[in-house]
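The values are calculated or read from the model by the stated rules, or taken from the named source; none is laboratory data. The structure presented is a predicted model; accordingly, all values stated were derived computationally and were not measured. Cβ placement follows ideal geometry from the backbone for every residue including glycine, while neighbour counts extend to all protein chains displayed.
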Amino acid sequence: MTQSNARERIERFAQAFRDGDIDTALALIDALIDEHPDHAPLHWHRARTLKAMHSDAEALAAVKRLIELKPDYAPAWLMRAELSASDADGNYPESDLRRALELDPGLARAHLLLAQMLGDGDRRAEAQAALTQALQLDPNQPEAYALRGQWRRREAMAGFGDDGADDADTIRTFAGQRYSRSKLELARADFLCSLSLKNDPRVRLRLADVLHDLGEHDHALAAYDAVLSVTPTDDPRRAVIEDLRARSLDGGRGEREQMARVLEDVLASADASERATLGHDIAASMVKSAAAGVRSGMSLEQALAQFVSDHPDDAIAIDIAWKIYALAHEPQPEYAPSELASYPKFMREHAERVTSALGAQGFRVIGDYEPMHLAAQLGRPTLVRIYAAGDGITCGASYRIEPKWPGWIAFLLLKLSGKWQRPAVVELETAFDDGGFLVTNNAGTTSPFAYRGKVDLTALVTDTAPAVVHARHRERIERYRREHPNATAERVDTEERVMALQARITAAKGEYRRSIGYVEENELRQLLGAHYERFSARAANWGRS
């Protein structure tokens, strides 16, 4: 092959490589190597081509062959370091990089890779020197600024929790992590410099994290969105990025929400039998109280210190305070249709007895339901049967609850004293177009909580017959009409209307609880009974928190 012919083929290879036609480039260079197997520059071109194809193993073999032919070629040692953490010959990237720099101290990228390698260990001073040299040789290396930004963000960590002093330069996250603001600012500057040279989504993601930690949540959201815009929808990393982004929502409150959910997820591992115990119930109250504390602005450390205790009296007081708090923040009612046969006999029998009694009063059954929104509170499946009155303005519900399991010894004591009971309740409801609600049930003293204002609740003694509950409810409707002559009872004769009424009553009850500061003194006394002096101050303390 003539020299002019070889030059022409090399030029064709170079053009194909520049055009991104890598397969053609590889075919051209392979043909040349077949004719000139010991010509070192051809092996360099082949290694570059294979590296561009991400065929790293073949590229590594090609660069090794090049080193055999031309051991003083510095870029070859640099490429071998990039392609392999270690190889069968026992050569490591550091030795390859140092060999490259020995041959050519002006290889800026070799200094950069050496800095990356040393920076992951305890040789930070050497790494810093290498990075400084890399930037002096070539100040337009985006990876160099990105690396320095990573180091500076790491250096910005100033302790956790109470470990460290609070000053004007200290930022403290909801999780308790402390950062140096000035060092985070330096990290941000480096990431921005890197991005000005090369738009790398990985660097922009690091920038977004720094912006979040600095409290610049709107800018952080914009950075996360820019990364998501170039991340395929089926990329598994997308979910991680979306979780990171969620922290910056609502002015950074998203991080509180995530932290609270992490706490609440602790409860998810409990099985059904464990969830039905009083021990789990008390533990759940502590965890949920801590989660609510985080949502309200406490740090994780503060919330755990405030709401989690191994002292029995504290644990019970936190449980009481949480349940009072929860009354004012009940979840949106969610009733799922269910099968009667799936419930215990005592629940089915109660539903059938009430159906017969209310049926004689003109009620019909709308359906059987599972109160999904109360699953954690009840601890086990609970049958709720819902009814509609013949007059169309009253709906009802019947349910019988299995109390949470206190343990065998406590169960026997409660059983012997007659205090282990399964409350059997019938409740009737009517709504008026002036915003008033009438609720009549036979829950007796099973609940000490009374309601006034929009929700007028009357609790008759336990075991009051359904017919008597209905008669009393009718009396209350007539009295309400006399006292509010312009009010008209609303129709609640379909499933849709009944469910809408549940949501409205729940909201009205929550509004009332919040308006009185959650609980009144007489309610707390009735709730705690003989234990009032023991627990009231503790419960009030956690309730105020």
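Need at least 3 residues that are crowded, with 20+ Cβ neighbours inside 10 Å per element, so show me which strands (runs of 3 or more DSSP E) inside region 329-405 make the cut, counting only ones lying wholly within it.
Once the strands (runs of 3 or more DSSP E) in region 329-405 are filtered for at least 3 residues that are crowded, with 20+ Cβ neighbours inside 10 Å, what remains is 364-371, 384-388, 395-400.
Name the residue, out of D234, D265, that is over 26 Å from G510 (Cβ atoms) and of a type in the set (D, E, K, R).
Just one listed residue meets the conditions, D234.
Mind listing whichever residues of region 133-146 are within 16 Å of R123 (Cβ to Cβ) and surrounded by 22 or more Cβ atoms within 10 Å (Cβ to Cβ)?
Passing the criteria: only A134.
Considering each of A57, A52, A115 in turn, give the residue that is modelled with pLDDT under 95, under 28 Å from T132 (Cβ atoms) and under 41 Å from the mean Cα position of the chain (by Cα).
A115
What residue, of A134, A146, is among the aliphatic types (A, V, I, L, M), modelled with pLDDT of 95 or more, not assigned by TED's automatic domain parsing to the domain that holds H39 and not in a loop (DSSP other than H, G, I, E, B)?
Only one candidate passes the filter, namely A146.
Return yes when N199 is in a loop (DSSP other than H, G, I, E, B), free of Cβ contacts under 8 Å to residues at least 12 places away in the same chain and among the polar types (S, T, N, Q) and no when it is not.
yes
Taking only region 27-43 into account, find how many residues are surrounded by 21 or more Cβ atoms within 10 Å (Cβ to Cβ) and modelled with pLDDT of 90 or more.
So the count comes out to 2.
Listed residues R109, R153, R148; which is of a type in the set (K, R) and within 29 Å of Y73 (Cβ to Cβ)?
R109
Just a yes or no: is a residue in region 517-534 among the small types (G, A, S) and buried (at least 17 other Cβ atoms within 10 Å of the Cβ)?
no
Among what's in region 214-231 and is touching a helix residue (DSSP H, G or I) at 6+ places or on another chain (Cβ under 6 Å) and within 24 Å of A291 (Cβ to Cβ), pick the residue that is surrounded by the most Cβ atoms within 10 Å (Cβ to Cβ).
The residue in question is A220.
With (1) surrounded by fewer than 15 Cβ atoms within 10 Å (Cβ to Cβ); (2) assigned to a helix (DSSP H, G or I); (3) among the charged types (D, E, K, R) as the list, and R253 as the residue in question, which single condition is left unmet?
Tallying (1) surrounded by fewer than 15 Cβ atoms within 10 Å (Cβ to Cβ); (2) assigned to a helix (DSSP H, G or I); (3) among the charged types (D, E, K, R), R253 fails exactly one: (1).
Show the residue pairs that are 6+ apart or on different chains and have beta-carbon atoms under 8 Å apart, the first residue being within region 283-295 and within 14 Å of R256 (Cα to Cα), the second being part of a helix (DSSP H, G or I) and among the β-branched types (V, I, T).
S289/I318
Mind listing just one residue for me: the one in region 426-461 that is touching a residue at least 60 places away in the same chain (Cβ under 8 Å) and assigned to a strand (DSSP E or B) and, of those, surrounded by the fewest Cβ atoms within 10 Å (Cβ to Cβ)?
Applying the filter and picking the extreme gives V439.
Determine which single condition D213 fails, assuming it passes every other condition in (1) under 17 Å from the mean Cα position of the chain (by Cα); (2) touching a residue at least 12 places away in the same chain (Cβ under 8 Å).
Condition not satisfied by D213: (1).
Residue under question is R253, and the condition is that it be over 25 Å from S309 (Cβ atoms) and modelled with pLDDT under 85; does it hold?
Judged against the criteria, R253 is a match.
Among the residues of region 232-274, what is the count of those that are touching a residue at least 12 places away in the same chain (Cβ under 8 Å) and over 24 Å from S289 (Cα atoms)?
So the count comes out to 4.
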